[in-house]
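J.: One structure, pasted below without further comment.
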Amino acid sequence: MNEVKIKSNNLNVFYGDKQALFDVNLDLNEKEVTALIGPSGCGKSTFIRCINRMNDVIDICKVTGNIEIDGVEINDENLDVVSLRERVGMVFQKPNPFPKSIYDNISYGPKIHGKGETKSELDEIVERSLKKAALWEEVKDRLDEPGTGLSGGQQQRLCIARAISVNPEVILMDEPCSALDPIATAKIEELIDELKKTYTIVIVTHSMAQAVRVSQKTGFFHLGKLIEVGKTEKIFKNPDNKMTQDYITGRFG
Amino acid sequence: MSNEHTVKSYEEELQFLVDSVIKMGSLTESQMVDSMDAIIKVDKDSIDKIIKSDDEINKFRSKIDTQIMTLLVKRAPMAIDLRETISSLKISQDLERIGDLSKSNAKKVKPLPLDLPEELLSNLKRLGELVIKQLNDVLDSYVNKNYDKAKEVWEKDEQVDDLTYIAMESVIDFLSKDKKNLDFSTHLIFATKNLERAGDHITNIAESICYLIKGEYLKGSRPKGKVIQE
C-alpha cells in the first residue's frame, strides 16, 4: 500500500444549519485511485470539495476538523488557496472547457500560475498535457479551434489535460463520466489508470462497475457519514457493513 | 438476502437460480440413492431409469448456466449477489459430476452376479449411506445457508476416505480368494472409488457454501483419511 497523501480527521461540514458531513476520517493514498460512492446527497462531493477548499466559495459553508495534504493542514486561514488549487486539480461531471481555443484551454492555467514564460515553454506544456490526457493525436492539427467544438469525451479529456497542465499532485474527479457514452467512458477510465502513476486521484462515481474498474480503495458514504472504507475488491465482494452491502447490491430502500 | 432489491425482478431471478440449484441437488440425491440401491440389490431393471435421470440433471445444469449468464449480463451482481451467482455455478458443476458418478455406478450393476455375498457388499453399503448422508447434509446447509453444517460436511469427508479404504480392502480380499471373481470385483472397486470421488465433489460444494456465506474460503487443509494418504 502506498503512503497516505491526504488525511481527513473528524471533518465536519455545515451548509448553514444543515450538517453535510459528520466526523469523516479518511486516508487517501498517494498515486492510487480512491472511489467515493453513495446515494445522492450523501456527502461524497462535499468531501472532495474540501480537499481543494472549493467549499470556501459558498458563504454559508463552515468546515471543522482538518484535512492534511502531506501532513500540512489545508484549512489554515493563512494557506494560499490559489496554490492549493494548483496542487489539487478538479474535473467535473459535465465537461466545462473555457470558450477559448484548445491551446488556450491548456495554457491558461500555467500562464496565471507563472509556469510558462515563453511561447516554446507553453507549447511544450500544451503538448505534454494533451499527450498525458491521451488527446494529443486527435487535436494536434487543430489547436486553435475552440475547445467547445470537441465531442463530449474529448472535452472531458481536454478538462483533464487542463487540470494536469499546472502539474498538480492530486486530481479530484466528480462523476467525470456521467455525461459520456461507453467508449468515451472507457477512454477516461484507461486514462485514469495511466494518470495514477503520477497523481493521487479521488473519484466520485455513481457507477459501481466504474468504481471497481478504476479504484484501489473505495469509501461508502451515507447521510454525511463515511460508513465503510477499504480495498475496492473487498468492498465489492464482501463488505463488512450491511449498509454498504445493501447499497452496492441495489437493496437500498 | 435479507432486504429486498429495489428491482423486484432481480430478486426473483436470484431466487429462481437458487431454487434451480436446490431442485438439481434433490434430483442428484435421488439418483445416488437409486444407484446405491441398484448395486446393493443387484437390481438390473432399474439401470435404465437411473441413466435417464442423469439426462434430467444435465438439463438442469444447462438451465442454471443460462440463468447465470443472464444474471451476469443483466445485473452485474455485487457482493452477496455475486457470491450467490458464482457459487450456483460451482455447485451445479459439482452436482453434475456427482450425477455422472452415480450413472457410472448404475452401469456397473449389469455385470454383477445376482448372488453376491453379503459381507462383500456390507462395507460398500455403509460407504454409500455415508456419502448420501453427506450429500443430504450439504444440500441442507445450502438451503438454510448454514455455515457450520457445511463446514462439518467438509470435515467429515475424512470418514468417507476411511470407509472407502475398508470397502476396497474387502473387495480385494474377495478377489484374492478366487481369480474368477476378477471381472465383477473390478467393477466393485471402481464403484467404490466413484463414491469416494462423489464425496470429494460434496466437499467442493461445502467449500462453495462457506464462501457464499462468509465471503472467504475455508482455511487450512481438509482432514484426509486413509485412502488418500496411501
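FYI, it's all coordinate maths here, none of it is from the lab. Being a predicted model, the structure only gives us computed values, none of them experimental. Cβ placement follows ideal geometry from the backbone for every residue including glycine, while neighbour counts extend to all protein chains displayed.
J.: Please sort by residue number the GluC sites (Glu not before Pro) in the stretch A:96-171 whose DSSP state is loop and whose Cβ has at most 11 other Cβ atoms within 10 Å.
T.: A:Glu117
J.: Pop a pseudo-label 7 angstrom from the Cα along the beta-carbon direction at both B:Leu182 and B:Arg222 and give the gap in nm to one decimal.
T.: Distance between label points: 3.5 nm.
J.: So what's the angle, to the nearest 10 degrees on a 0 to 90 scale, between helix A:152-164 and the longest Cα principal axis of chain A?
T.: 90
J.: Return the percentage of antiparallel bridges among DSSP beta bridges fully within the protein assembly as shown, rounded to the nearest 5 %.
T.: 60
J.: Could I ask something else about it? Tell me the volume per residue, in Å³, of the convex hull enclosing the alpha carbons of the stretch B:102-230.
T.: 97
J.: Check each of the trypsin sites (Lys or Arg not before Pro) in the stretch A:133-178 and keep only those in coil by DSSP with at most 13 other C-beta atoms within 10 angstrom; list them in order.
T.: Here the trypsin sites (Lys or Arg not before Pro) that fit, given the DSSP loop and packing criteria, are A:Lys140, A:Arg142.
J.: Here's something else I'd like to know. What distance in nm separates the two pseudo spin-label positions at B:Glu169 and B:Glu129, each 7 Å out from Cα along the beta-carbon direction?
T.: With each label point 7 Å from Cα toward Cβ, the separation is 1.9 nm.
J.: Using only Cα atoms and rounding to the nearest 10 degrees, what angle (0 to 90) does helix A:102-112 make with the longest principal axis of chain A?
T.: That helix lies at roughly 70 degrees to the long axis.
J.: Mind listing the phi-derived Karplus ³J(HN,Hα) values for the stretch A:80-86, rounded to whole Hz, using 6.51, -1.76 and 1.60 with θ = phi - 60°, and x for any glycine or proline?
T.: 7, 5, 4, 6, 4, 6, 6
J.: Another question, if that's okay. Describe numerically, in nm with one decimal, the distance between label points set 7 Å from Cα along Cα→Cβ at B:Ile22 and at A:Leu79.
T.: Modelled inter-label distance: 5.6 nm.
J.: Give the cross-link partners of A:Lys131 among the aspartates and glutamates, using a straight C-alpha distance below 18 Å as the criterion and excluding same-chain residues fewer than 8 apart.
T.: Here the aspartates and glutamates satisfying the reach criterion relative to A:Lys131 are A:Asp104, A:Glu121, A:Asp123, A:Asp141, A:Asp144, A:Glu145, A:Glu169, A:Glu189, A:Glu190, A:Asp193, A:Glu194.
J.: What FRET efficiency would be calculated for the residue pair A:Asp123, A:Phe92, taking the C-beta separation as r and a Förster radius of 35 Å, to the nearest 0.05?
T.: In this case the efficiency is close to 0.85.
J.: Of all DSSP beta bridges in chain A, what percent run antiparallel (nearest 5)?
T.: 60
J.: Please go through the residue pairs B:Lys52/B:Lys177; B:Lys103/B:Lys179; A:Lys44/A:Lys115 and name each one whose alpha carbons sit more than 29 Å apart in this structure.
T.: Flagged as over cut-off: B:Lys52/B:Lys177; A:Lys44/A:Lys115.
J.: Also: Where a Cα-Cα gap under 15 Å defines reach, which aspartates and glutamates qualify for B:Lys219, not counting those fewer than 8 residues away within the same chain?
T.: In chain and number order, the partners are B:Asp148, B:Glu152, B:Glu155, B:Glu207.
J.: Right, next: Give the peptides A:45-57, A:68-80, A:175-187 in descending order of average Cβ contacts within 10 Å, highest first.
T.: A:45-57, A:175-187, A:68-80
J.: Compute for the stretch B:8-229: radius of gyration divided by Kirkwood radius, i.e. Rg/Rh, restricted to C-alpha atoms, rounded to two decimals. Walk me through the intermediate numbers first.
T.: Numbers: Rg = 18.7 Å, Rh = 18.2 Å.
In the stretch B:8-229, Rg relative to Rh is 1.03.
J.: Multiplying the sequence separation of B:Thr66 and B:Lys41 by 0.36 nm and subtracting their Cα-Cα distance, what value in nm do you get?
T.: Using 0.36 nm per residue and subtracting the Cα-Cα distance, I get 5.2 nm.
J.: Taking the convex hull of the alpha carbon atoms in the protein assembly as shown, what volume per residue do you get, in Å³?
T.: On the way: hull volume 88.6 nm³, N = 483.
Measuring per residue, one finds 183 Å³ for the Cα hull of the protein assembly as shown.
J.: Give the long-range amide H neighbours of B:His5: residues separated by 5 or more places, or on another chain, with amide H under 5 Å away, using H modelled in the peptide plane at 1.01 Å from N.
T.: Distant-sequence amide H within range of B:His5: B:Glu11.
J.: Residues of B:81-87, mean number of Cβ from any other protein chain within 10 Å of their own Cβ, rounded to a whole number? Please list the in-between numbers first.
T.: Working: counts 5, 5, 2, 1, 0, 1, 0.
Mean shielding count: 2.
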